[in-house]
Amino acid sequence: MTENGDSTEDGGSMVEENNSFENERLDPDDETFYVQTSDEYDQLFSRIQMAVVDEVELSNTSCRIVGPSGCGKTTLARSLAFDVKIANTLINDHGLPVWEMSLDEIALFHNIIMNDDTEDEEYCPNCDTQSFYGRKSKSPTYRCNNCGEEFDDPRAEEVSDDYYEQFENVDNVEAELEDRGLLTVSGEPTDAYPHSRAEAYRDIYKIYEEGAEIPSSPYFEITMSHAKYAKDLIGHPHIGDNGTTFVKGKVTNAVEASNNEPTILTLDEINRAPTSAKDELYDALDGRVKVSMDEVGGVEIEGTPENLIVISTMNKGSGHHVEPLDFAEKRRLGSTYYVDFLGKEYPEQEIDLVTDHTPVPRDLASEMVSTANDIRQTAENDDTDLSYGVPTGTLLEWGREAYTNYLAGVDQPVVNAGVSSVAKAIYDHDESEVTKVESIISKNLRGVEFFTEDEDEDDENSGSTGVAETRYICQDQNDVGCSWSAPESEAPVEAEKFLVCPECDGELEQKEPGE
């Protein structure tokens, strides 16, 4: 068998042949792109894009993504499959040195491109001069001052749109960013400044590729577990009608694909797999980038080190059954980047996800994200026993169930959906945790009804949905387990005027809409 993985026989065994990895590319219509919560994606992507830069030679890139369950670690890895391919197109097909631009320079270049208002130049179709004028009351519409030709349609000539030349002609990047409204006078980014390098690349790609669909690099994802064995990663023999064939695993295919282009290999929840399974990864994860198939006589497949990008993810926090990583594994798994729930740093972005992927209207989505953040903050508090926060995916399921509860006429559709899809769904390992999460959901959203966008518009001034109202929430300072809360329209006088709980006489928190 050759190094490129062509099929061959060895002692009666046949190794399957892979000539193309087109089926291993992701479809952008099926994916949600990662939105960074700090600058973690900028750091990671700036390093990984070097795989497509010929001027700089780096060995294979490996890194660990660590964060609470459901915060978007796998989404981050899948986004890289697109963003690396985009970087390759911009850098090598269009000759744009975006890889060596600072984030300020990328922001300016992006703004130049996205705000281009260049129009075609028009000429007389007879003498090619631009000296002609329009006539409102005569036909043909135009008459040339130079040759006297009359015509309806000038000859249009496309004006060069060399965006990079415009960028290079800027003497002071910071001053230009301020003039264009991307930086404040104190140098702080405004909302017009790109949220991340990768998001700017995607916009730039669409302009240079004239709206073409965003492409993907080959992507291989393995969900690690206690039941994972080496054969699941490297491959295994399969006995068929034509004899024994060695079926390659995803690690082997990723190594082989790296001979053609940058390839992403994601090892999801790497610390859940036993050491015996991960031993087989060592040769693929270090500078050798190769795998050995002992079942067919030790045939080796080698990859291209700079093209193999290995992303491993790990859950952070209690409630996860994991295997410890030894020093050799940590060294091979590379740099570590911490990520957190999107809603904690950028609630508006998570609200957008809820409204984009569920029937939940924006005002209600805002209250649900706020409640999810309360649960997340509680989980971070060392004084509580809450194992983890609310994953974004669970938040979306909450929204969908709230909608179906509403259609079914269920009482308290939002609260009841939160109890079943959040509290009981992911905290059921400990009844006290279920009770705690139920209490937070009930306090924040009791009395809030599900409503459609049309109903929201009709009732926005009435407060009938319970969302656009001040809410009073008992702080249970007396430790009696009180979970009383109510919107302003249902709160008794003592609650509204004196912030006293009508059930336990404890202090109330006054929470404004969307707070």
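Assess whether Ala254 counts as being at pLDDT 80 or above and buried (at least 19 other Cβ atoms within 10 Å of the Cβ). Yes; evaluated as a whole, the condition is true for this residue. Here Tyr472 meets the list (1) part of a strand (DSSP E or B); (2) modelled with pLDDT of 85 or more almost entirely, failing just condition (2).
Any idea how many residues of region 347-361 are over 20 Å from the mean Cα position of the chain (by Cα) and either surrounded by fewer than 21 Cβ atoms within 10 Å (Cβ to Cβ) or of a type outside the set (Val, Ile, Thr) (or both)? Residues in region 347-361 being over 20 Å from the mean Cα position of the chain (by Cα) and either surrounded by fewer than 21 Cβ atoms within 10 Å (Cβ to Cβ) or of a type outside the set (Val, Ile, Thr) (or both): 2 in total.
Test Ser387 against the stated conditions and say whether it is closer than 20 Å to Val437 by Cβ, surrounded by fewer than 22 Cβ atoms within 10 Å (Cβ to Cβ), over 23 Å from the mean Cα position of the chain (by Cα) and of a type in the set (Gly, Ala, Ser). Criteria met by Ser387.
Filtered by the rule that a residue be assigned to a helix (DSSP H, G or I), among the aliphatic types (A, V, I, L, M) and modelled with pLDDT of 70 or more, region 266-281 gives Ile270, Leu281. Please work out if Ile239 is of a type in the set (A, V, I, L, M, F, W, C) and either surrounded by 12 or more Cβ atoms within 10 Å (Cβ to Cβ) or at pLDDT 95 or above (or both). No; evaluated as a whole, the condition is false for this residue.
So that you can scan it fast, the table gives a plain yes or no per residue for (1) under 20 Å from the mean Cα position of the chain (by Cα); (2) of a type in the set (Asp, Glu):
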{"site": "Asp203", "(1), (2)": "yes, yes"}
{"site": "Ile207", "(1), (2)": "no, no"}
{"site": "Ile214", "(1), (2)": "yes, no"}
{"site": "Ser217", "(1), (2)": "yes, no"}
{"site": "Ala227", "(1), (2)": "no, no"}
{"site": "Asn242", "(1), (2)": "no, no"}
{"site": "Phe246", "(1), (2)": "no, no"}
{"site": "Glu256", "(1), (2)": "no, yes"}
{"site": "Asn259", "(1), (2)": "no, no"}
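Within the set Asn172, Asn126, the sole residue that is touching an Asp or Glu at 6+ places or on another chain (Cβ under 6 Å) and either outside the structural domain of Arg47 (by TED's automatic domain parsing) or within 25 Å of Ile86 (Cα to Cα) (or both) turns out to be Asn126. Could you tell me how many of the residues in region 324-345 are crowded, with 17+ Cβ neighbours inside 10 Å and outside any helix (DSSP H, G or I)? Selection size over region 324-345: 6. Only one of the numbered conditions (1) buried (at least 19 other Cβ atoms within 10 Å of the Cβ); (2) under 22 Å from Glu210 (Cβ atoms) is violated by Asp120, and that is (1).
Scan region 397-421 for residues that are surrounded by fewer than 21 Cβ atoms within 10 Å (Cβ to Cβ) and under 20 Å from the mean Cα position of the chain (by Cα) and jot them down. Selection gives Glu397 alone. Taken together, the residues in region 30-50 that are buried (at least 20 other Cβ atoms within 10 Å of the Cβ) and touching a strand residue (DSSP E or B) at 6+ places or on another chain (Cβ under 6 Å) amount to 2. Of Thr190, Thr244, all but one fail to be surrounded by fewer than 20 Cβ atoms within 10 Å (Cβ to Cβ), without any contact (Cβ under 8 Å) to a residue 60 or more places away in the chain and over 19 Å from Asn307 (Cβ atoms); the exception is Thr190.
Report yes if Asp83 is over 15 Å from Asp42 (Cβ atoms), touching a Phe, Trp or Tyr at 6+ places or on another chain (Cβ under 8 Å) and of a type in the set (Asp, Glu), otherwise no. No; evaluated as a whole, the condition is false for this residue.
Would you confirm, using the coordinates I've provided, whether Leu333 is in the same structural domain as Lys278 (by TED's automatic domain parsing) and under 25 Å from Phe33 (Cβ atoms)?
Yes, satisfied.
Ala379 meets the conditions (1) part of a helix (DSSP H, G or I); (2) over 20 Å from Glu31 (Cα atoms); (3) at pLDDT 90 or above in every case but one. The failed one is (3). Could you tell me whether Ile86 is crowded, with 16+ Cβ neighbours inside 10 Å, under 17 Å from Tyr338 (Cα atoms) and at pLDDT 90 or above? Taking the combined requirement at face value, the residue does not satisfy it. Between Glu57, Glu100, Glu24, the distinction of being surrounded by fewer than 17 Cβ atoms within 10 Å (Cβ to Cβ) and either in contact (Cβ under 8 Å) with a residue 12 or more places away in the chain or touching a helix residue (DSSP H, G or I) at 6+ places or on another chain (Cβ under 6 Å) (or both) belongs to Glu57 only. Restricting Cys501, Cys482 to those that are at pLDDT 85 or above and surrounded by 14 or more Cβ atoms within 10 Å (Cβ to Cβ) reduces the list to Cys501. I'd like to know if region 149-166 contains one or more residues that are of a type in the set (Lys, Arg) and under 23 Å from the mean Cα position of the chain (by Cα). Looking for residues that are of a type in the set (Lys, Arg) and under 23 Å from the mean Cα position of the chain (by Cα), one finds none in region 149-166, hence no. Restricting attention to region 475-515, which residues are assigned to a strand (DSSP E or B) and over 21 Å from Leu364 (Cα atoms)? If the condition is that a residue be assigned to a strand (DSSP E or B) and over 21 Å from Leu364 (Cα atoms), then Val500, Glu507, Leu508 are the ones that fit.
The values are calculated or read from the model by the stated rules, or taken from the named source; none is laboratory data. The shown structure was predicted, so the numbers you read here are calculated from the model rather than taken from an experiment. No Cβ is skipped: glycine too gets one built from the backbone with ideal geometry, and neighbour counts run over all protein chains shown.
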